[in-house]
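Enquirer: Here's a structure for you.
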Amino acid sequence: MKTNCKIHLSNLVDMTSLKCFKFKEFRGMRFIVFLGLFLINISTFSQVTDFIRVDSGHFYKGNVKYKFLGANYWYGMYLGMESGPGDRDRLIRELDHLQSLGIKNLRILGSSEGSGKYQISPPLLISKGKYNEEVFKGLDFLLNELRKRNMTAVVVLNNFWMWSGGMPQYVSWAEGSDIPLPDIENGDSWDPFINYSASFYKSNKAQRLYRKNLREIINRINSITGERYKNDPTILSWQLANEPRGYDYKKDYRSWIKNTSEFLNRIDKNHMISLGAEGDTGSDQAGVDLYKDNQFEAIDYATIHLWIQNWSWYDPNNPETFSKALQKAEKYLDSQLKKAKKLNKPVVIEEFGVSRDNADFSITSSVHYRNRFYEYVFDYAYQNIIDGGLIQGSNFWSWGGEGNPSKPGQMWDRNSDLTGDPPHERQGWYSVYNHDTTTISIIRESAFKINELSR
């Protein structure tokens with residue numbers, strides 16, 4: 001068969017393109033086969049355009065810039081479980097609520113490892129190579145519900161801190177040693193734990209266990225949709241870890257970033273990859289640097305965390321410190337954006353938060369200074385976006401929704417509601433509950449402004 005039309009199937013996106021074919025030359029099964037291949041290709045092309053990608057310093061979904069206001073919702077896959085801590089009805093209500101506020105992106109936990117004090121339970125990875133299918137199904141359910149709402153997820157695959165197992169658990173499995181957990185309630189030093197967790201970067205055995213888990217997750221077939229995670233455009237990016245820090249292992253730390261990001265890029269060509277680090281943080285000892293940590297080609301965008309209370313810039317018991325804390329916050333954000341500009345990479349402010357007024361953990365206590373801080377960060381991000389800057393979105397820490405801590409100000413236990421505060425932190429510290437109407441109003445108004453920029 002001959003034809004004068006030069007058409008590549010990869011470029012066919014409109015049924016009208018078929019008009020140049022001489023249908024009379026197609027007969028029977030030949031036409032059916034051709035049409036089937038054509039329609040499959042159309043479907044594939046359409047799906048590919050749904051993946052969020054970076055182009056010229058901006059996120060794009062298809063041909064439209066993708067800007068967002070998002071939330072941290074680390075426990076989403078646990079609510080998605082059918083048993084244990086699962087509560088699918090609550091998850092559906094909360095996703096509906098978040099969507100109604102204009103929130104388009106959630107940063108979620110995509111793996112948890114082992115069991116221990118100050119840790120979420122049950123884990124996804126029970127022990128080396130042994131998975132809890134019910135937790136996996138919880139993640140399946142969450143991703144499918146996000147897809148229904150046209151929302152996206154940043155999926156965190158590891159953790160420097162102990163609350164999801166993470167790096168210290170991999171080291172423990174690799175070495176057969178106990179994790180030196182601090183007694184958080186009694187103010188123990190974190191130094192032994194930090195050194196233990198950071199030793200992950202120089203342990204080849206621990207990293208092999210980690211990469212094996214990554215391969216399992218990324219190639220997972222969703223039990224609801226039948227689609228592999230690596231082919232799911234609901235996922236905005238894979239994130240190497242939550243708040244990785246180099247400390248005394250800076251060289252090994254950056255080798256891990258380079259090698260792991262390249263590994264992820266080899267096994268999944270569809271999704272962006274992010275590090276999940278804080279930026280420079282408020283401490284020189286943490287061994288992190290936004291420029292050096294995000295310089296690698298397989299890292300698609302940089303992340304910033306901003307903690308005015310944790311970094312001792314703001315004391316909630318001394319409101320007079322708030323104004324200076326905002327000045328330090330602005331200086332910090334400016335400095336991080338300068339480094340990102342040298343990299344020519346987009347930025348997401350993916351964690352920021354502050355306690356309720358007077359460090360009160362009660363769910364009914366006032367949130368005047370939290371509201372002011374949220375307004376500041378949202379306005380900073382919005383102004384940068386409309387000025388054509390590198391910021392693509394922001395995720396506040398964190399959504400507590402319908403959760404109600406049984407013992408506000410104390411550590412989480414397995415009989416308590418899941419909230420935005422992980423098990424190693426005092427419950428009620430950073431959670432935004434669904435009855436925090438003033439904060440929610442600020443979130444809604446800010447999200448509306450951001451979403452208008454993506455139309």
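Enquirer: From the list ILE194, ILE217, pick out the single residue that is within 27 Å of ASP289 (Cβ to Cβ) and β-branched (Val, Ile, Thr). Walk me through it before giving the result.
Expert: Working: ILE217 fails: within 27 Å of ASP289 (Cβ to Cβ).
Going through ILE194, ILE217 in turn, just one is within 27 Å of ASP289 (Cβ to Cβ) and β-branched (Val, Ile, Thr): ILE194.
Enquirer: Sticking with this one: Quick one: is ASN159 touching a residue at least 60 places away in the same chain (Cβ under 8 Å), of a type in the set (S, T, N, Q) and touching a helix residue (DSSP H, G or I) at 6+ places or on another chain (Cβ under 6 Å)? Steps first, please.
Expert: Values: touching a residue at least 60 places away in the same chain (Cβ under 8 Å): yes; of a type in the set (S, T, N, Q): yes; touching a helix residue (DSSP H, G or I) at 6+ places or on another chain (Cβ under 6 Å): yes.
Yes; evaluated as a whole, the condition is true for this residue.
Enquirer: Further question on the same structure: Kindly check whether there is at least one residue in the stretch 165-176 that is assigned to a strand (DSSP E or B), touching a residue at least 24 places away in the same chain (Cβ under 8 Å) and within 20 Å of the chain's Cα centre (by Cα). So that I can check it myself, show each step before the final result.
Expert: Step one: of the stretch 165-176, the residues assigned to a strand (DSSP E or B) are none.
The answer is no, given that none of the residues of the stretch 165-176 is assigned to a strand (DSSP E or B), touching a residue at least 24 places away in the same chain (Cβ under 8 Å) and within 20 Å of the chain's Cα centre (by Cα).
Enquirer: Mind listing whichever residues of the stretch 106-133 are farther than 26 Å from VAL171 by Cβ and acidic (Asp, Glu)? Break it down stepwise before answering.
Expert: Taking the stretch 106-133 first, the residues farther than 26 Å from VAL171 by Cβ are 106.
Within the stretch 106-133, no residue meets the criteria.
Enquirer: Something else about it: For the stretch 102-154: of the residues being among the polar types (S, T, N, Q) and assigned to a strand (DSSP E or B), which is nearest to SER394 (Cα to Cα)? Even if it seems obvious, please write down each step before you answer.
Expert: Narrowing the stretch 102-154 to residues among the polar types (S, T, N, Q): 105, 111-112, 115, 119, 121, 127, 132, 144, 150, 152.
Now restrict to residues that are assigned to a strand (DSSP E or B): 105, 127, 152.
On the way: ASN105: 9, SER127: 34, THR152: 13 Å.
Selected residue: ASN105.
Enquirer: Six or more apart or on different chains, Cβ atoms under 8 Å: show the pairs whose first residue is in the stretch 229-257 and in the same structural domain as GLU350 (by TED's automatic domain parsing) and whose second is part of a loop (DSSP other than H, G, I, E, B) and among the acidic types (Asp, Glu).
Expert: What qualifies is LYS230/ASP268; PRO233/ASP50; SER237/ASP300; TRP238/ASP268; GLU243/GLU278; ARG245/GLU278.
Enquirer: Cβ-Cβ distance below 6 Å, separation of 6 or more or different chains: which pairs start in the stretch 297-316 with a residue that is farther than 26 Å from GLU425 by Cα and end on one that is of a type in the set (Ser, Thr, Tyr)?
Expert: ALA298/SER261; ILE299/SER261; TYR301/SER274
Enquirer: Which of the residues belonging to the stretch 346-377 are among the charged types (D, E, K, R), surrounded by fewer than 20 Cβ atoms within 10 Å (Cβ to Cβ) and touching a Phe, Trp or Tyr at 6+ places or on another chain (Cβ under 8 Å)? Reasoning before the result, please.
Expert: Taking the stretch 346-377 as the starting set, the residues that turn out to be among the charged types (D, E, K, R) are 350-351, 356-357, 360, 370, 372, 375.
Adding the requirement that they be surrounded by fewer than 20 Cβ atoms within 10 Å (Cβ to Cβ) leaves 357, 360, 372, 375.
Selection gives ASP357, ARG372.
Enquirer: Another question, if that's okay. Out of (1) more than 24 Å from ILE108 (Cα to Cα); (2) of a type outside the set (Asp, Glu); (3) at pLDDT 95 or above, the odd one out for ILE221 is which?
Expert: Among (1) more than 24 Å from ILE108 (Cα to Cα); (2) of a type outside the set (Asp, Glu); (3) at pLDDT 95 or above, ILE221 violates only (1).
Enquirer: Further question on the same structure: With the requirement that a residue be of a type in the set (D, E, K, R) and over 17 Å from the mean Cα position of the chain (by Cα), what does the stretch 269-310 give you?
Expert: Result: LYS269, ASP280, ASP284, ASP289, LYS292, ASP293, GLU297.
Enquirer: May I ask you to verify whether TRP238 is of a type in the set (Phe, Trp, Tyr) and more than 16 Å from the chain's Cα centre (by Cα)?
Expert: On the way: of a type in the set (Phe, Trp, Tyr): yes; more than 16 Å from the chain's Cα centre (by Cα): no.
No.
Enquirer: Can you find even one residue in the stretch 264-279 that is touching a strand residue (DSSP E or B) at 6+ places or on another chain (Cβ under 9 Å) and at positive phi?
Expert: First, the residues of the stretch 264-279 that are touching a strand residue (DSSP E or B) at 6+ places or on another chain (Cβ under 9 Å): 264-265, 268, 270-279.
Right, trim to at positive phi and you get 276, 279.
For the stretch 264-279, residues touching a strand residue (DSSP E or B) at 6+ places or on another chain (Cβ under 9 Å) and at positive phi: present.
Enquirer: Run down LEU157, LEU124, LEU101 and say which single residue is at pLDDT 95 or above, surrounded by 24 or more Cβ atoms within 10 Å (Cβ to Cβ) and of a type in the set (A, V, I, L, M, F, W, C). Lay out the reasoning, then the answer.
Expert: Working: LEU157 fails: surrounded by 24 or more Cβ atoms within 10 Å (Cβ to Cβ); LEU101 fails: surrounded by 24 or more Cβ atoms within 10 Å (Cβ to Cβ).
Testing whether each residue is at pLDDT 95 or above, surrounded by 24 or more Cβ atoms within 10 Å (Cβ to Cβ) and of a type in the set (A, V, I, L, M, F, W, C) leaves just LEU124.
Enquirer: Next up: Checking the conditions here, which among TYR332, TYR291 is more than 30 Å from ASP50 (Cα to Cα), touching a residue at least 12 places away in the same chain (Cβ under 8 Å) and of a type outside the set (Gly, Ala, Ser)? Reasoning before the result, please.
Expert: Details: TYR291 fails: more than 30 Å from ASP50 (Cα to Cα).
From the options TYR332, TYR291, the qualifying one is TYR332.
Enquirer: Residue by residue through the stretch 282-314, note down the ones that are crowded, with 22+ Cβ neighbours inside 10 Å and among the hydroxyl-bearing types (Ser, Thr, Tyr).
Expert: Selection gives TYR301, THR303, TYR314.
The values are calculated or read from the model by the stated rules, or taken from the named source; none is laboratory data. Remember, predicted model here, so these are calculated numbers, not experimental data. Here the Cβ is made from the backbone with ideal geometry for all residues, glycine too, and neighbour counts use every protein chain on show.
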